[in-house]
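Engineer: Can you read through this structure? Questions will come right after.
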There are 2 protein chains.
Amino acid sequence: MYNPTKPYKDQILAEIKKTWQTPYVSIKADIYPIVKAKFSLPEIDHTDGIGTKGIYHWQKRTFRNAVLDALAMNLNDLALVRAVPYKLSNHIFVPKDDNVAILAIVRALSQECQKRKIAITGGETSVQNNMAGMDISLSVSGFIKDLKPNQFKVGDALLGIKSNGLHSNGFTKVREIFGSVYKPDFVKPTAIYLDTILALNKKFNIHGMMHITGGAFTKLKSLLRGADARINWAHKLKPQPIFKELHQRGVLDKEMYQTFNCGIGFIFSTSEREAKIISAHWPDIAIIGKVVRGNSRVIIDSMFSGCEVEF
Amino acid sequence: MYNPTKPYKDQILAEIKKTWQTPYVSIKADIYPIVKAKFSLPEIDHTDGIGTKGIYHWQKRTFRNAVLDALAMNLNDLALVRAVPYKLSNHIFVPKDDNVAILAIVRALSQECQKRKIAITGGETSVQNNMAGMDISLSVSGFIKDLKPNQFKVGDALLGIKSNGLHSNGFTKVREIFGSVYKPDFVKPTAIYLDTILALNKKFNIHGMMHITGGAFTKLKSLLRGADARINWAHKLKPQPIFKELHQRGVLDKEMYQTFNCGIGFIFSTSEREAKIISAHWPDIAIIGKVVRGNSRVIIDSMFSGCEVEF
């Protein structure tokens, strides 16, 4: 339901309506968009936003990157259950009623959704003059054709997919460390892994998957069920210099791996045989470790200190 | 999908899971909640939050009222299409990681959802230390059994339902007028009209309906299609003193009616005959005007000045 009260609401609605014809839903709109799904599969809903990274996006007016961040934070989590996103609601927060900014955000979101066949079915724009930055909260629904458990298996190889830098987590720490210093790293968008993951799942037998966001490498613990994950940094994926800089400026080894993706935005596991094929064919994917018998621990050979970090 | 990374995530999840058994959906959860709808009706999605009213809720820790506000802002809009809400995703924004506050919010939301048979299918808690207050963004999905146009008809009586005070709009204005002065009016929750509206729709032929929120009485324009709405204040619903006070402190007549509900939180229209029955039986509902041939105008006899206000 999309009934903005802004004076430029017709422009907002025109952008939104461009997303209403998709293979997955039929949307009939008189005053309000009525959604009829063209499938009857189980669904999953996911909600996320961009957090305090939005302070930098607002300052630098990097609105498209903000939209990509918000989409990535949702789509990469939907990837964990191989869900195909088909609709979303958005809640845009801005610190002032800046129609150029709001329309740029809505337009970028509409364009990305058109590309991905995601219908925008609801939304709200909230002007909150007490905020320092912007946020884009998305609630995305996806349907699931094929539900499988998400779990690492003993003997699996762990594969990492290169990140695009900081992504959308750890910005409270970043602001603490850098203060008023700005770096272009702070507005680079989060990589969207969903398409790669859905493609890989068609060809390979993927066992466990995790999007490396808030909590970073500690998130792997939920996939272990008794096994240990061992990760090292002797692989082809070069982390961005920003991670070494954060460590040099005082973020401790363990804190780095529980706060930042450290160059790896997504981790998944397959048999060793399949892992070698994948690693050989995808330049941004490398074998970064293995799953062994153990005690539900994540053990990382730190690229910062050379020491072991354990969660 | 609900995968909080907070240390007290088990407590959050325990509250959320209490909402997963409903007549409308079956939710299977291993790691992630997979939702299967028990109906195949058209749906509508709506997203809204509480805006800068959240500054007062955070200061006064009126978390249950904040939850009621967020629910009301969504459910009262779903009422316009007679939708039955059956699931929601939430995005809670707080200025610091206060686990007592977050759990109180999640618990209040879970309790209200259990009462209303709404499953909580996704959510996120975002700590943003640059915010002055809290916000609760909800994305609610409802199903629609019976889709009818939402439109006033010439000859209709207009009925108003009493508001509970300021509700969740106009708080940027409230803060501008009152500065650091606090009044208990600022944290009273928004009335939820959905149940009344669904009950009335079963017995009466309701033509047009509007939730009086941002844009206030100007929102009626979208239901007019050529007719005029004439509203007067010679009725039994007594507006709260806060509205007169806002006017006395300098908010102009016209601004009052385009910013605040002025004591009427929901307006709907029926035939005059049905309106008299409804007004006689419901103490909080009164006939407040009529729909006449005209020129798509909303004309109000102002209770503040006695003059006519026109939109």
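Engineer: When the residues of segment B:240-263 are filtered to those that are open to solvent by less than 40 Å² (accessible area, probe 1.4 Å) and closer than 14 Å to residue B:309 by Cβ, which remaining residue is modelled with the lowest pLDDT?
Structural biologist: Within segment B:240-263, the match that is modelled with the lowest pLDDT is B:253.
Engineer: Answer with yes or no whether residue A:133 is among the small types (Gly, Ala, Ser), touching a Gly at 6+ places or on another chain (Cβ under 7 Å) and more than 27 Å from residue A:302 (Cβ to Cβ).
Structural biologist: Criteria met by residue A:133.
Engineer: Looking at B:150, B:201, can you tell me which residue is of a type outside the set (A, V, I, L, M, F, W, C) and either within 30 Å of residue A:143 (Cβ to Cβ) or touching a Gly at 6+ places or on another chain (Cβ under 8 Å) (or both)?
Structural biologist: On inspection, the qualifying residue turns out to be B:150.
Engineer: Taking segment B:51-97 only, how many residues are over 29 Å from residue B:197 (Cα atoms), facing another protein chain (nearest Cβ under 9 Å) and either of a type in the set (Lys, Arg) or open to solvent by 10 Å² or more (accessible area, probe 1.4 Å) (or both)?
Structural biologist: 1
Engineer: Could you check segment A:116-148 and list, in sequence order, the residues that are within 7 Å of chain B (Cβ to nearest Cβ) and in a loop (DSSP other than H, G, I, E, B)?
Structural biologist: A:128, A:129, A:130, A:131, A:132, A:133, A:144, A:147
Engineer: Okay, moving on. Considering only residues that are out of contact with any Gly (no Cβ under 9 Å at 6 or more places or on another chain), closer than 29 Å to residue B:140 by Cβ and among the hydroxyl-bearing types (Ser, Thr, Tyr), which ones fall in segment B:153-197?
Structural biologist: Listed by number, the list holds a single entry, B:196.
Engineer: Now, a different point. Could you figure out which of (1) facing chain B (nearest Cβ under 9 Å); (2) in a strand (DSSP E or B) isn't true of residue A:27?
Structural biologist: Only one criterion in (1) facing chain B (nearest Cβ under 9 Å); (2) in a strand (DSSP E or B) is unmet by residue A:27, namely (1).
Engineer: So, one more: Based on this model, can you work out whether residue B:36 counts as assigned to a strand (DSSP E or B), at pLDDT 95 or above and within 9 Å of chain A (Cβ to nearest Cβ)?
Structural biologist: No: the conditions fail for residue B:36.
Engineer: Within the bounds of segment A:98-108, is there any residue that is within 13 Å of chain B (Cβ to nearest Cβ) and either surrounded by fewer than 24 Cβ atoms within 10 Å (Cβ to Cβ) or under 15 Å from the mean Cα position of the chain (by Cα) (or both)?
Structural biologist: no
The values are calculated or read from the model by the stated rules, or taken from the named source; none is laboratory data. This is a predicted model, so every value here is computed, not measured. No Cβ is skipped: glycine too gets one built from the backbone with ideal geometry, and neighbour counts run over all protein chains shown. With ligands, DNA and RNA removed, areas are computed over all heavy atoms of the protein, side chains included. Shrake-Rupley method; radii C 1.70, N 1.55, O 1.52, S 1.80 Å.
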